[in-house]
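Following: one structure in structure tokens, then a few remarks.
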Amino acid sequence: MNKAFGNDSPELARYIHQIYQPEDELLREIRERALAAGLPEIQVAALDVRHLEVLVRAAGIRRAVEIGTLAGYSGVSILRGLPPDGVLYTLEYDPHHADVAEESFRRAGVADRVRLLRGAALDLLPGLSAEGPFDLCFIDADKENYDRYLDWAAANLRPGGVLLADNSFLFGRLGEPRTSPPSPGVRAMDAFHKRLAQSGEFRATVLPTGEGLAMGVRL
Ligand SMILES: C[S@@+](CC[C@H](N)C(=O)[O-])C[C@H]1O[C@@H](n2cnc3c(N)ncnc32)[C@H](O)[C@@H]1O
């Protein structure tokens, strides 16, 4: 049987959200406070925020890195999946986003287990290597650098460590026919997928969420 890649049914989405309730009061408050503070609504989808927590729990992650904090919506969910001695390093270059995220981590009671690093990820990551190796790297920032973030993850995840990356369908642009030279985003995402899938460094897949959640285990 040739099964479809994902399912677009709004009724099915409603049913699953009703049963699993992926966004509780704490996460709803973060999303609404971020919107009121003028942040863009670009956090992971509600069901994806639950995916993160469940995957972190399933893989026994203790030391996690997130590239792209925004208001801490996904960060709080990752932290919920970590054990009490777990730690999340999360990287954000917009000072206003970082301020809102700090408040989120404080309200969620997880501030002592988060290191919020302010600055451009490509500037911060080389220094962060000294704290590694890591069990998880979650990429959710500027798409033009996904291939470079994967370079860092490949070098800094322990064997068995997990790579996750949101928006790996590049909002549908990745599958479009190529008529002109690819945009920087398409070029980077194409390089990202090829390395993740074909380099032999990871055993990888793409979970067909709305955005395409790429996932690999470091070999
Ligand atoms: C999609 S949002 C992250 C959403 C967040 N992971 C969540 O789901 O709650 C991307 C964030 O990455 C930040 N960002 C973009 N490019 C960056 C860079 N080069 N270095 C650090 N942060 C960056 C943006 O300011 C934005 O807050």
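The values are calculated or read from the model by the stated rules, or taken from the named source; none is laboratory data. Values in this document were obtained by computation on a predicted structure and should not be read as measured data. Glycine gets a Cβ as well: all are built from the backbone with ideal geometry, and neighbour counts include every protein chain shown. What goes into the accessible areas is simple: the full protein's heavy atoms, side chains included, and nothing from ligands, DNA or RNA. Shrake-Rupley method; radii C 1.70, N 1.55, O 1.52, S 1.80 Å.
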query: Residues of the range 128-178 being open to solvent by 60 Å² or more (accessible area, probe 1.4 Å), closer than 21 Å to residue 210 by Cα and more than 12 Å from the ligand (Cβ to nearest atom), which ones?
result: 173, 175, 176, 177
query: Restricted to the range 111-127, and to residues that are closer than 28 Å to residue 159 by Cβ, among the hydrophobic types (A, V, I, L, M, F, W, C) and part of a helix (DSSP H, G or I), which residue is farthest from the ligand (Cβ to nearest atom)?
result: 125
message: Suppose the filter is over 16 Å from residue 67 (Cβ atoms), touching a strand residue (DSSP E or B) at 6+ places or on another chain (Cβ under 6 Å) and of a type in the set (A, V, I, L, M); does residue 162 pass it?
response: no
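Pick out the one residue from 15, 73, 20 that is of a type in the set (Ser, Thr, Tyr) and either open to solvent by less than 50 Å² (accessible area, probe 1.4 Å) or within 23 Å of residue 97 (Cβ to Cβ) (or both). Let's see the steps before the verdict.
Numbers: 15 fails: either open to solvent by less than 50 Å² (accessible area, probe 1.4 Å) or within 23 Å of residue 97 (Cβ to Cβ) (or both); 20 fails: either open to solvent by less than 50 Å² (accessible area, probe 1.4 Å) or within 23 Å of residue 97 (Cβ to Cβ) (or both).
From the options 15, 73, 20, the qualifying one is 73.
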field: Pair list, Cβ under 8 Å, 6 or more apart: the range 204-219 residue under 18 Å from residue 12 (Cβ atoms) and open to solvent by 50 Å² or more (accessible area, probe 1.4 Å), other residue in a strand (DSSP E or B) and not hydroxyl-bearing (Ser, Thr, Tyr)
entry: 207/213; 207/214; 207/215
message: With the structure loaded, tell me whether residue 116 is buried (at least 24 other Cβ atoms within 10 Å of the Cβ), within 24 Å of residue 54 (Cβ to Cβ) and touching a residue at least 24 places away in the same chain (Cβ under 8 Å) or whether it fails that test.
response: no
field: Of residues in the range 141-164 being closer than 17 Å to residue 204 by Cα and not in a helix (DSSP H, G or I), the one nearest to the chain's Cα centre (by Cα)
entry: 164
- prompt: For residue 41, which of the numbered conditions (1) in a loop (DSSP other than H, G, I, E, B); (2) open to solvent by 50 Å² or more (accessible area, probe 1.4 Å); (3) modelled with pLDDT under 95 fails to hold?
  reply: (3)
message: Can you pull out every residue in the range 76-105 that is assigned to a helix (DSSP H, G or I), within 21 Å of residue 120 (Cα to Cα), open to solvent by 10 Å² or more (accessible area, probe 1.4 Å) and touching a residue at least 12 places away in the same chain (Cβ under 8 Å)?
response: 95, 96, 97, 100, 102, 103
task: Out of 26, 35, 52, report the one residue that is in contact (Cβ under 8 Å) with a residue 24 or more places away in the chain, part of a helix (DSSP H, G or I) and open to solvent by 40 Å² or more (accessible area, probe 1.4 Å).
output: 26
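Right, residue 64: more than 9 Å from the ligand (Cβ to nearest atom) and either under 19 Å from residue 132 (Cβ atoms) or free of Cβ contacts under 8 Å to residues at least 12 places away in the same chain (or both) or not?
Values: more than 9 Å from the ligand (Cβ to nearest atom): yes; either under 19 Å from residue 132 (Cβ atoms) or free of Cβ contacts under 8 Å to residues at least 12 places away in the same chain (or both): yes.
Considered against the rule, which asks whether it is more than 9 Å from the ligand (Cβ to nearest atom) and either under 19 Å from residue 132 (Cβ atoms) or free of Cβ contacts under 8 Å to residues at least 12 places away in the same chain (or both), residue 64 comes out as yes.
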- prompt: Looking at the range 18-47, which of the residues that are more than 8 Å from the ligand (Cβ to nearest atom) and polar (S, T, N, Q) is nearest to residue 107 (Cα to Cα)?
  reply: 21
